[in-house]
Every structure is written in structure tokens, then in C-alpha cells.
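See below for the structure under consideration.
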Amino acid sequence: MIIGLTGGIGSGKSTVARAFGSLGIGWVDADDIAREVVAPGEPALSAIADRYGAGVLHGDGTLNRAALRTIVFEDPTERQWLESVTHPKVRERLLARLEELKAHSPYVLLVSPLLFESGQYKLVNRTLVIDVPVDIQLQRTLERDGVSETQVRSILAAQLPREDRLAKGDDVIDNSDDHAYMMQQVIKLDQRYRTGFPDTTIIGDDDADTCQRRPT
Ligand code: ADP
């Protein structure tokens, strides 16, 4: 079984993935794979350089992301072209990595901030949303990245709104409290996922009334 783990920026995806990892669960981060497929020597990077010229490369041959972003930012045709080159490679490599992980893990996690937006949800059997209120998301991201509030808000605006993500997820972890509260939910979900037949969304505590039930 592949679980797709998602959430907005600073919601705690990496933290929760590491918590599952501490229980012996394998996971792969879609952002890491997206970076890998445009590393020097990769066919996708050569295709990008052929199309846009050496201006999209740094002196050391790595991708100049800012330059590429400027080109595709306001040009849907170019964005589409770029996605047609990179998305199949990301998908292929994600699936290969998940397959490797499956050999040593009862189930595996695909961690992706844009699981629903990118269509990567089609690669998974079940989705898990890491949820925090927007003010906590902002505060934790600002503390972690030391960026401006305007920058974080513009990233937030490009991601699915909290309510939409919650509506799409099969399971939810409430990460608005401390690490212990998060871990408690991870342990419960892990037990369900290990059975292969999860049927309940965990929101925090043992009170059955707080669990939302969704079909598998
Ligand atoms: P994401 O991967 O979704 O962007 P992270 O896992 O990096 O989010 O978490 C964002 C920041 O919030 C990190 O600095 C992390 O240490 C912190 N954090 C995550 N979960 C909690 C929590 N339950 N309590 C306090 N801080 C947390």
C-alpha cells in the first residue's frame, strides 16, 4: 500500500514522515525527486538547456531555477512544455523508489506538498493530510525558513486551500499541538495502515466521536 502524505508549507509533512520513519516505514519526498530529475547529466536538464539556452544554467552546470521560473512564470505554453518533460520522469522515479522501499516496509509513504494539485494522488492508495491552522503554518514556516511573511503568503496562495485539502484527504493528522500529540496520532495510524485495511480518520484522541469515517 502507498500512502500519499500531503499538507501545506510548514504543516509538518517532513516531521510526520520522519515520525513514521522512526517506526520503520519507508518514505520518499516528491520534492527531492523533482530536484533529482533536473540534476546535471539528466536528460530533462539537457532538454531544458536545449530549449532555453545556457542562461538557465549556473556556471557549474546546475539548473538556475530562478531563471527558469522567470521564463515559465507567465507563459502557460512553456510551463506545459516543462511539465511534459519533467512530470513523467518524476513519476517514473517515484514509482521505482517506492517499489524499492516496499521490499523493507509494510507500507510506504509518498510525501508531496502538491499531491492533489499535481495529480500524484493517482499513484497512491490512500491519502493522509497533515493539518494545521494557517496562523500556525505561517509562524512555523517563518521560524524555520527565516523568509518574509509576504513570501510565505504567496506560496500559501499557490497551494490548495486548507478546507479543500481536508475534504480530499482520507485521513487527517492534527499537527497543531506538540510533537507528542503528533506522535500519538502517527502510532495509531501506523497500526491501521499495517493491517492494510484502514477505515478511520484519526483526529487526535481516543474519542470515537472525533473520528471521521470514510470509505477505503
Ligand atoms: P513541511 O515539511 O510540511 O513544510 P516541517 O515538517 O518542516 O513542515 O515543519 C515545519 C516546522 O514546524 C519545522 O521547523 C518543524 O520542526 C516544526 N514542527 C512540525 N511539527 C511541529 C509540532 N507538532 N510542534 C512544534 N513544531 C513543529
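The values are calculated or read from the model by the stated rules, or taken from the named source; none is laboratory data. Everything numeric here is computed off the predicted structure, so don't read it as measured data. Ideal geometry is used to build each Cβ from the backbone, glycine not excepted, and the neighbour counts take in all protein chains shown.
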Exactly one of (1) within 16 Å of the ligand (Cβ to nearest atom); (2) modelled with pLDDT under 95 is unmet by residue 133. Its number?
(2)
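Residues checked against (1) assigned to a loop (DSSP other than H, G, I, E, B); (2) crowded, with 16+ Cβ neighbours inside 10 Å:
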{"residue": "129", "(1), (2)": "no, yes"}
{"residue": "137", "(1), (2)": "no, yes"}
{"residue": "152", "(1), (2)": "no, yes"}
{"residue": "156", "(1), (2)": "no, yes"}
{"residue": "160", "(1), (2)": "yes, yes"}
{"residue": "164", "(1), (2)": "no, no"}
Among the residues listed as 71, 48, the single one being over 19 Å from residue 20 (Cβ atoms), touching a strand residue (DSSP E or B) at 6+ places or on another chain (Cβ under 8 Å) and not in a strand (DSSP E or B)
48
Starting from residues that are surrounded by fewer than 19 Cβ atoms within 10 Å (Cβ to Cβ) and part of a helix (DSSP H, G or I), keep the ones in region 15-33 and report whichever is farthest from the ligand (Cβ to nearest atom).
22
Which pairs do you get when a residue that is over 15 Å from residue 82 (Cβ atoms), found in region 36-55, comes within reach of a residue that is of a type in the set (Ser, Thr, Tyr) and surrounded by 12 or more Cβ atoms within 10 Å (Cβ to Cβ), reach meaning Cβ atoms under 8 angstrom, with the pair 6+ apart or on two chains?
39/62; 40/62
Could you tell me how many of the residues in region 139-150 are within 15 Å of the ligand (Cβ to nearest atom), more than 18 Å from the chain's Cα centre (by Cα) and either of a type outside the set (Asp, Glu) or crowded, with 19+ Cβ neighbours inside 10 Å (or both)?
4
Which condition breaks for residue 112 when tested against (1) within 20 Å of residue 37 (Cα to Cα); (2) among the polar types (S, T, N, Q); (3) surrounded by fewer than 18 Cβ atoms within 10 Å (Cβ to Cβ)?
(3)
